[in-house]
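Taking it in order: structure first as structure tokens, then the write-up.
The values are calculated or read from the model by the stated rules, or taken from the named source; none is laboratory data. These numbers were taken from a predicted model, which means no experiment stands behind them. Here Cβ is always computed from backbone atoms with ideal geometry, including for glycine, and neighbour counts include all displayed protein chains. These area figures cover heavy atoms from the full protein model, side chains too; ligands, DNA and RNA do not enter into them. Shrake-Rupley method; radii C 1.70, N 1.55, O 1.52, S 1.80 Å.
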Amino acid sequence: MPTWEDGEYLVVATAADKDGNYGSFYAEFIIDTTAPEITLGGIPDFTNSVQQTLMGTLVEPTIDKGGMMEISHNVTSVTGATSSAIVGKVTTEGEFSVFVSLQEGTNNFIATATDGAGHTTTETLSVICDLTAPTAQVGIITVTSEGEAVVGDQYFVLVAAEDTLSGVGTSTLVS
């Protein structure tokens, strides 16, 4: 008995009787015990650019035998509102790219591939799209005078900066 590995097979059987009559029979089939492999990329983790191209690869030789990969775009805004849309379908093995428009907030791209044998794989790519500038407040605290600084006073400058989505990278004081 042969050892069967994943792949497409054609098995032919020929039989003959003692009178010289013969017949041939064949069977075509696919053995698929492996789930699809998906990679996603092409978009930075943090961006302020709405127009992007989601790129990736799908490794699944039998995806064209009744399988498919669907890519959804799920968004959670700064206020917590959510939305979801299907942005692409892939039916062939190899590299793919999908043009996408990010929305402000957390953008999750979820690719789910199911091959012809029913094996399923899911891969997720998360991206923060931050279109709002950080906010900042500046305060002066005097050491010797109360309520105002006069010549020769010592003082502290306090800066409080905040950015809801991507955080504050730097704050610079220019005097």
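Quick notes on this one:
- Whole-number accessible area per residue in Å² for the chain, which is evaluated in the context of all protein chains at 1.4 Å: 67
- Taking all protein chains together, THR34, THR121 sort by accessible area into THR34, THR121, largest first [probe 1.4 Å].
- Taking Cβ atoms as reference points and 15 Å as the exclusive limit, the residues near VAL87 contribute a net charge of -1, counting Lys and Arg as +1 and Asp and Glu as -1.
- Cβ-placed point charges (K, R +1; D, E -1), dipole of the chain about Cα centre in debye, nearest 20: 260
- Cut-off 15 Å between beta-carbons: net charge of the residues surrounding THR132, Lys and Arg +1, Asp and Glu -1: -4
- Rolling a 1.4 Å probe over the protein heavy atoms of the range 1-142, with every protein chain left in place, gives an accessible area that is 53 percent carbon and sulfur.
- Residue-level accessible surface for VAL138, protein heavy atoms, 1.4 Å, Å²: 100
- Taking Lys and Arg as +1 and Asp and Glu as -1, the other residues whose beta-carbon sits under 12 Å from that of THR164 total -4.
- The range 1-146, relative contact order in percent, only Cα pairs under 8 angstrom and at least six apart counted: 24
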